[in-house]
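Only one structure is covered here, and it is reproduced in the block below.
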Amino acid sequence: MTKVILLNASPRTKSNTLDVLKVCADEIEKNGVDTEILSLKGKNIRSCIACGKCSEAGNCILNDGLDEIIDKIREVDGFIPAAPVYFGTARGDIMAALQRIGKVSRGGDKFLSGMVGGPIAVARRGGQTLTLQEMTMFFTINNMIVAGSSYWNMVFAGPEGTALEDKEGIETIKLFGRNVSNIIKKLSD
Ligand SMILES: Cc1cc2nc3c(=O)[nH]c(=O)nc-3n(C[C@H](O)[C@H](O)[C@H](O)COP(=O)(O)O)c2cc1C
């Protein structure tokens, strides 16, 4: 069984980022790969405190719920974090989460190595490219395989419930989802 975890970093209940992830997950499932959407909503994700204890413990010792997400990512073939853009960059907690997920992997069993995926950014008007760049740094330092699409993985949406109106953005995300699942299937042949 192959599977992709999609991680929503929006704090909103009616989240544009979640709507985009649902489209992406749907496309991946249609292509024969399982998905699960997780969320940072309601968690107080802390920044890495550089204690280094993850290399002995095999997980992050900060008790804020990220360790449960890490345990799930460890079991799958693909990882797609998605963030709303805040002041031109990724919302803070997703970068804190990615840095800690990466540190646990690098310092231990390197579960991210060879995993397929890529980031998604959602914004009302600007900052998506920088957000994608900063999130992509997580993938390429952790020996991950980043899938492409016909454009960068960005969707324009401001008010709640408007993400699906960005037709080109949604088509970009669909193709990205198909590419992620195709690569996973080829690698698992
Ligand atoms: C604190 C804050 C900062 C924001 N900064 C930006 C920004 O720099 N550029 C932009 O286009 N939208 C910005 N937005 C708008 C959100 O990115 C946009 O509403 C997005 O759709 C939210 O996604 P969500 O519904 O999944 O939370 C900001 C929103 C908030 C709350």
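Return the only residue of V122, V146, V155 being among the hydrophobic types (A, V, I, L, M, F, W, C), in contact with a Ser or Thr (Cβ under 7 Å, 6 or more places away or on another chain) and closer than 19 Å to K14 by Cβ. Step by step, each of V122, V146, V155 is checked, and only V122 is among the hydrophobic types (A, V, I, L, M, F, W, C), in contact with a Ser or Thr (Cβ under 7 Å, 6 or more places away or on another chain) and closer than 19 Å to K14 by Cβ. Take V23 and tell me if it is among the hydrophobic types (A, V, I, L, M, F, W, C) and more than 12 Å from the chain's Cα centre (by Cα). Yes, satisfied. Residues in segment 168-189 that are part of a loop (DSSP other than H, G, I, E, B) and crowded, with 20+ Cβ neighbours inside 10 Å: none. Restricted to strands (runs of 3 or more DSSP E) entirely inside segment 48-167, those with at least 1 residues that are within 13 Å of the ligand (Cβ to nearest atom) and under 22 Å from K3 (Cα atoms) are 78-86, 120-123.
Against the test of being at pLDDT 95 or above, out of contact with any Phe, Trp or Tyr (no Cβ under 6 Å at 6 or more places or on another chain) and surrounded by fewer than 15 Cβ atoms within 10 Å (Cβ to Cβ), the options R106, R91, R100, R124 yield a single qualifying residue, R124.
Residue count for segment 10-26, restricted to those that are among the β-branched types (V, I, T) and either free of Cβ contacts under 8 Å to residues at least 60 places away in the same chain or within 7 Å of the ligand (Cβ to nearest atom) (or both): 2. Give me the residue from segment 127-141 that is under 16 Å from I173 (Cβ atoms) and free of Cβ contacts under 8 Å to residues at least 40 places away in the same chain and, out of that set, surrounded by the fewest Cβ atoms within 10 Å (Cβ to Cβ). Only one residue tops the list, namely T129. Could you tell me whether segment 142-150 includes any residue that is out of contact with any Gly (no Cβ under 8 Å at 6 or more places or on another chain), farther than 19 Å from L21 by Cβ and of a type in the set (S, T, N, Q)? Scanning segment 142-150 turns up no residue that is out of contact with any Gly (no Cβ under 8 Å at 6 or more places or on another chain), farther than 19 Å from L21 by Cβ and of a type in the set (S, T, N, Q).
The values are calculated or read from the model by the stated rules, or taken from the named source; none is laboratory data. Just so it is clear, the model here is predicted, and its values are computed rather than measured. So basically every Cβ, Gly included, is an ideal-geometry build from the backbone, and we count neighbours across all protein chains shown.
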